[in-house]
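Below is one structure, written out as structure tokens; comments come after it.
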Amino acid sequence: MPELPESRRRRFVEQYALPEYDAGQLTQSLALADYFESTVAAGAPAKLASNWIMGELARKLKEVDRTDIAFGASPVPAARLAGLIALVARGTISGPIAKDVFEKMFATGRSADEIVAHEGLTQIDDESQIVGMIADVLSRNADAVAQYRGGKTATFGFLVGQVMKAAAGKANPKRVNELLKRSLET
């Protein structure tokens, strides 16, 4: 006899440390629960798998008017979703880039690794590269730098945006924030 939805929901909360809400959503259908467990079995952390399945995958399925499909026939197999999640977890790509990669995975059936390699989407994490972009942005935005140093800290977000723009969205946002703050405070 297959595991009943309520029993599986409780197990998801206990075994995967998922919030009740996530477990309830993921156990609404057998196919969805199986897809989640296959994604986790392929190496994705449970909460990240839950977020991607309930977020991006659900949104995309709704967009193509397929609210509940047999996930074995999903355009993004569980192992491939786990691969995408691993790229984000390792810092190879950022969250926003991952969403773009997911769209391409859904449309083409290609893996995240293939798309990232083919399109050169690897996140820039090299300190010297980011520092160089920061120096360029600060020299081109002297007014914003003066405002920040004068106490108008809201300009920090503008400067972060300018660095991300210079990096075509590929710079590691956490590193940009750290290095920009360090540059502004020296």
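If the condition is being among the hydrophobic types (A, V, I, L, M, F, W, C) and either under 15 Å from residue 44 (Cβ atoms) or part of a strand (DSSP E or B) (or both), then region 102-124 contributes 102, 105, 112, 124. The numbered conditions (1) in a helix (DSSP H, G or I); (2) surrounded by 15 or more Cβ atoms within 10 Å (Cβ to Cβ); (3) not hydroxyl-bearing (Ser, Thr, Tyr) are all true for residue 169 except (1). Could you check how many residues of region 155-166 are closer than 19 Å to residue 97 by Cβ and either open to solvent by less than 50 Å² (accessible area, probe 1.4 Å) or free of Cβ contacts under 8 Å to residues at least 12 places away in the same chain (or both)? Of the residues in that region, 6 qualify.
For region 125-138, the tally of residues that are modelled with pLDDT of 90 or more, touching a helix residue (DSSP H, G or I) at 6+ places or on another chain (Cβ under 7 Å) and either surrounded by 14 or more Cβ atoms within 10 Å (Cβ to Cβ) or part of a loop (DSSP other than H, G, I, E, B) (or both) stands at 6. Residues that are among the aliphatic types (A, V, I, L, M) and either closer than 14 Å to residue 74 by Cα or open to solvent by 60 Å² or more (accessible area, probe 1.4 Å) (or both) within region 101-123 comprise 105, 107, 117, listed in sequence order. Considering 44, 82, 49, the condition of being at pLDDT 90 or above, part of a loop (DSSP other than H, G, I, E, B) and buried (at least 21 other Cβ atoms within 10 Å of the Cβ) is satisfied by 44 alone. Quick one: would you say residue 151 is assigned to a loop (DSSP other than H, G, I, E, B) and touching a residue at least 24 places away in the same chain (Cβ under 8 Å)? So residue 151 fails the test.
The single condition among (1) aliphatic (A, V, I, L, M); (2) open to solvent by less than 30 Å² (accessible area, probe 1.4 Å); (3) modelled with pLDDT under 90 that residue 64 does not meet is (2).
Output the residue which, of all residues in region 11-30 that are open to solvent by less than 20 Å² (accessible area, probe 1.4 Å) and not in a helix (DSSP H, G or I), is nearest to residue 46 (Cα to Cα). Filtering first and then ranking leaves 18.
Name the single residue, out of those in region 89-100 being without any contact (Cβ under 8 Å) to a residue 60 or more places away in the chain and not in a loop (DSSP other than H, G, I, E, B), that is surrounded by the most Cβ atoms within 10 Å (Cβ to Cβ). Only one residue fits best here, namely 98. Any idea which of 120, 95, 109 is within 15 Å of residue 171 (Cβ to Cβ) and out of contact with any helix residue (DSSP H, G or I) (no Cβ under 8 Å at 6 or more places or on another chain)? Result: 120 is the single residue among 120, 95, 109 that is within 15 Å of residue 171 (Cβ to Cβ) and out of contact with any helix residue (DSSP H, G or I) (no Cβ under 8 Å at 6 or more places or on another chain). Taken over region 31-41, the criterion of being open to solvent by 30 Å² or more (accessible area, probe 1.4 Å) and touching a Pro at 6+ places or on another chain (Cβ under 9 Å) is satisfied by 38 alone.
The values are calculated or read from the model by the stated rules, or taken from the named source; none is laboratory data. Everything numeric here is computed off the predicted structure, so don't read it as measured data. All Cβ positions, even for glycine, are placed from backbone atoms using ideal geometry, and neighbour counts span all protein chains on display. SASA here: full protein model, heavy atoms, side chains in, ligands and nucleic acids out. Shrake-Rupley method; radii C 1.70, N 1.55, O 1.52, S 1.80 Å.
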